[in-house]
1. List the trypsin sites (Lys or Arg not before Pro) within the range 305-370 that DSSP assigns to loop and that have no more than 12 neighbouring Cβ atoms inside 10 Å.
2. Roughly speaking, what is the stretch gain from Ser539 to Leu380, that is 0.36 nm per residue apart minus the C-alpha to C-alpha distance, in nm to one decimal?
3. Order these peptides, 346-359, 183-196, by their mean beta-carbon neighbour count within 10 angstrom, highest first.
4. Between Asp284 and Ser88, what's the calculated FRET efficiency when r is the beta-carbon distance and R0 is 41 Å? Round to 0.05.
5. Taking 0.36 nm per intervening residue step and subtracting the Cα-Cα distance, what contour gain separates Ile64 from Thr240 on full extension?
6. Assuming R0 = 45 Å, can you tell me the calculated FRET efficiency for the pair Glu401 and Leu349, based on Cβ-Cβ distance, to the nearest 0.05?
7. In nanometres, what is the gap between the two model label sites at Asp410 and His167, each 7 Å from Cα along Cα-to-Cβ?
8. Work through the residues other than Ala312 whose Cβ is under 13 Å from its Cβ and net out their charges, Lys, Arg +1 and Asp, Glu -1.
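Readers should treat all values here as calculations from the given coordinates under stated rules, not as data from a laboratory. This one's a predicted model, so the numbers in the text were calculated from it and none came from an experiment. Neighbour counts are summed over all protein chains in view; Cβ atoms, including those assigned to glycine, are modelled from backbone coordinates with ideal geometry.
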Amino acid sequence: MSWSDLSTKLKQNVVGRLDLMSRHALRSTCRLNRYLVNDVDFFIPRVRVSVKDSAILIMIHTGIEKFLRIEMWIGPHRKTIIRKSQNSYDGRESIEKVLPLIPRIYAARILCSLLSHKKLLIGTMEWEFDGDAVEKFKVLRGLSASKIIFFQPESKTAIRNMIDKIHSLVDFLQKFSRKSHIFRANQLVTTNNMIYETEELLRNMYVPSDLKKIERISVLLSGESLTPILSMDTYLPLRTGGIARCSENISHEYDEKSPDFLEKFVYMSALTAGFGVLRFAKFDDIARRIWDRLRMPVTIISDELHMKVELAGSFKGHLTLFHMRSPCGYWIYMVLDSRRKDFDAYNILNNSCGLGWLCKRCAEPFEYNYYQNLGRRCVLEPEWNDMVAWGQTVRMKNNVEEAKKRYREDERKKKSSGDMTVIQKMWGFGKGVAEDSDDQGVEDISQKMAEDGVVVVKDSEDSEDVTAPESHESMKQSQGLINKKSNGEQIKKNLYSKCSMNDSEGKQDSEDSEDLATPDSDEFTKQWQFQKLAICITSFTFLSCAFYAVFFKII
């Protein structure tokens, strides 16, 4: 039994078990398989895109500590170097290629061909842009209540440059994909150097019905803890853009060893147009001290949710703090009385858990693990780490250096005690391709990208015309689920034969992949052989039918 003999339902069952690159490889074989793959839902927990000058990093997270990492930058002789790795930050375990076009083109091909599909949903898509502009922004960050720094002239220039850069990238991706809404994602995440206008530009690339929330994240590191201790969040009203927006200030330490750090939280919450949320990772001594010192009656909302209400005043007017306790932990809502309607619109006061990704019990395992290890970027990829607040004071800079030392030591321990299980490499991320040297020159880009496994896209509606894989272990395994007794190589031949047979019904993928093979390449020879075979089979079938028609007419 071959792949073409299976029912559509069984084929969809098989496709549903494939990983991202296996789906992409199967989609590349022929149009029938493309329609099949495009009709099956697929979910990616998180995608991260970092842009720094002309360099671009794409991280596709497929699970806990499972990711595909594609980094590209302009190297010697003004050629693009692409480095790919799977589940590793070590450059020695990666594949490198030298290609002639600029990184933006290859990034667009990868993003549009892999992630721009109607049935593919991204949990969170994260964008980072040049971190050097953060120092010029002079935004309110880590400041006391007695000092406010407003935008300076150089800050306005940096912001204008940032807006132009993001607008140019978004416009390029939309024209490349020929879609105004390129991606489907539930959440858009940016760094703390973003402003409302830049987030709106990025938002234009997403399907509005899927996007539920926009976040900005900043991480304050410390040598005391490798994981977050608390998060001070500020929310904008839902009427602002018609979507939930928040800014998360994640901290790995308490600013002060006393409950006085609440003053900073109250000040931040009063300045925002909405309300604030203070979330504690653990109900430790400091959190317990804040709860116990509040001499107010406890309101029992449910068996697992208790609340204390604190009334206070501020330079912005009267405010209310809702202290919430549950088996999950402890968190505080703070809202000005004048903005109570905006707070009530979120309808979160009665939620049994308000800790979000800080709660190990309620959060998705991937989200919990991702944020717990967010600070490790300062060691694993310091050049792509704009979320970390590198420090505007000597104390903050010292904290970052102490954190780096602890993370390096922890990473060494993990490597020495880690298992030596061999990773099953996905298609396009294996070690089967040798690296190119500069003196070899650069051949036709489509052929080189086909050898490399990097996605090749034509400007079609779906942007999916890519190189068909010659061999792919993941594909063989998925087909082995269909027929365990069949040989993997034979199944692969059947798939290609099926593609060739489908050519007689219309123009087959020879048009889609005409740029993917050259007359001197092995791929071209194989395609020509398949075409001749298809012609022979079609001719034989036609002559047989004609013979039987004439024979029965004579009889």
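1. On the way: sites: Lys308, Lys316, Arg325, Arg339, Arg340, Lys341, Lys360, Arg361; in loops: Lys316, Lys360, Arg361.
Passing sites in the range 305-370 are Arg361.
2. Values: separation 159, 0.36 × 159 = 57.24 nm, distance 5.96 nm.
Residue separation times 0.36 nm, minus the Cα-Cα distance, leaves 51.3 nm.
3. Values: 346-359: 17.6, 183-196: 20.7.
Most protected by this proxy first, the peptides run 183-196, 346-359.
4. On the way: r = 35 Å, r/R0 = 0.85.
With R0 = 41 Å, the Cβ-Cβ based efficiency is 0.75.
5. Result for the pair: 60.0 nm of gain on full extension.
6. After rounding to 0.05, the efficiency reads 0.65.
7. About 4.2 nm, to one decimal.
8. On the way: positive: Lys308, Lys316; negative: Glu263, Glu310, Asp337.
Summing Lys and Arg as +1 and Asp and Glu as -1 gives -1.
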